[in-house]
């Protein structure tokens, strides 16, 4: 079994966490082809993304309390098994309705991975140390949105869209085997009371009464929703409006994702020196700057792909700085309820992303403005929440 404070444990948690981005990013180059092969509209294909996000959000509500009561390992293994089964269902889908349903099931399995891994981090670390661990996991995990679209573009060109889900199934199987063989149980004291619906509601209500938790939750939700405005809109904007091929789109997506990797790498060093709040503030500033730069590019009539991708890279750089620190700040006050706190973070995070992604998908036409406006609004909102809540978060710390 792997021990705490080892790179091997961090890498395993990052791999499990990366299942979500892999499930989303690998099939993005295939979205136009799915539309053609299954005879679906753009809005219907967007539902394969939005339904995944909705299922990902709803699934997280249950996993946290269960992991607080029954332990991290068994709950995580169940989630991974469900994830693998759902990937096979995606690969075999013969209609857009079947694919949407299978993607929802895939999300219900994959949502357990992110909830339990965040809870494991809180079991082992707190404060800036937890922020550093989440940033390091994010830096490793950032390989997924860089590699996954490239792999997806190659698979789409060579084999078609179904191959993406077959490969994702393989990744899920590897993650399941590694967790089963190597991950120790990190929950030292299980929740003593029986797990009931009313009890879970009371736990979540207690979390929402903590103003510092709410402030960090707002930053998480806004910054992550901006990311999914980009993820939801970019396949159609860059391929249908800007004329990129699936592989060309993958390359453009990778350039933007490098910003997230750089942000998380910097955060691993910065948070231990400057602390959670300053790192979070600089990340929020970069989020707003990237979003506003994106809208400025469109307003000035820029027509190159770089005019979209470079501002997004700045936004994602800010996300890499801010997101792990906001999560660590939210989890730190609740060592005995880390699973539930992680669940609520994930639910709000994914619900906001699913909602904004669906809005962007339904408003896209022959312009990138719906996507750009959404990214800018979320970046500015994250900065506003950080600025307005500094006294509350400082008092809580």
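Brief remarks follow.
- Test: residue in the range 70-89 that is at pLDDT below 90 and in a helix (DSSP H, G or I): yes
- When residue 232 is tested against (1) surrounded by fewer than 21 Cβ atoms within 10 Å (Cβ to Cβ); (2) under 25 Å from residue 86 (Cβ atoms); (3) within 20 Å of the chain's Cα centre (by Cα), exactly one condition is not met: (1).
- Taken over the range 369-384, residues that are surrounded by fewer than 23 Cβ atoms within 10 Å (Cβ to Cβ) and either under 21 Å from the mean Cα position of the chain (by Cα) or closer than 26 Å to residue 302 by Cα (or both) amount to 6.
- The listed residues are 307, 302, and the only one of them that is free of Cβ contacts under 8 Å to residues at least 12 places away in the same chain, farther than 25 Å from residue 141 by Cβ and part of a helix (DSSP H, G or I) turns out to be 307.
- Qualifying residue in the range 183-198 (condition: surrounded by fewer than 14 Cβ atoms within 10 Å (Cβ to Cβ), at pLDDT 90 or above and part of a helix (DSSP H, G or I)): no
- Enumeration of residues in the range 1-27 that are under 15 Å from the mean Cα position of the chain (by Cα) and part of a helix (DSSP H, G or I): 13, 14, 15, 16, 17, 19, 20, 21, 22, 23, 24, 25
- Lone qualifier among 266, 262 - being within 17 Å of residue 21 (Cβ to Cβ) and surrounded by fewer than 19 Cβ atoms within 10 Å (Cβ to Cβ): 262
- Summed over the range 51-88, residues that are within 18 Å of residue 339 (Cβ to Cβ) and free of Cβ contacts under 8 Å to residues at least 40 places away in the same chain total 4.
- Among the candidates 227, 214, residue that is in a helix (DSSP H, G or I), surrounded by fewer than 19 Cβ atoms within 10 Å (Cβ to Cβ) and at pLDDT 85 or above: 214
- The conditions of being closer than 30 Å to residue 160 by Cα, in contact (Cβ under 8 Å) with a residue 24 or more places away in the chain, part of a loop (DSSP other than H, G, I, E, B) and in contact with a helix residue (DSSP H, G or I) (Cβ under 6 Å, 6 or more places away or on another chain) are not met by residue 113.
The values are calculated or read from the model by the stated rules, or taken from the named source; none is laboratory data. Given the structure is predicted, the values throughout are model-derived calculations rather than measurements. Neighbour counts are summed over all protein chains in view; Cβ atoms, including those assigned to glycine, are modelled from backbone coordinates with ideal geometry.
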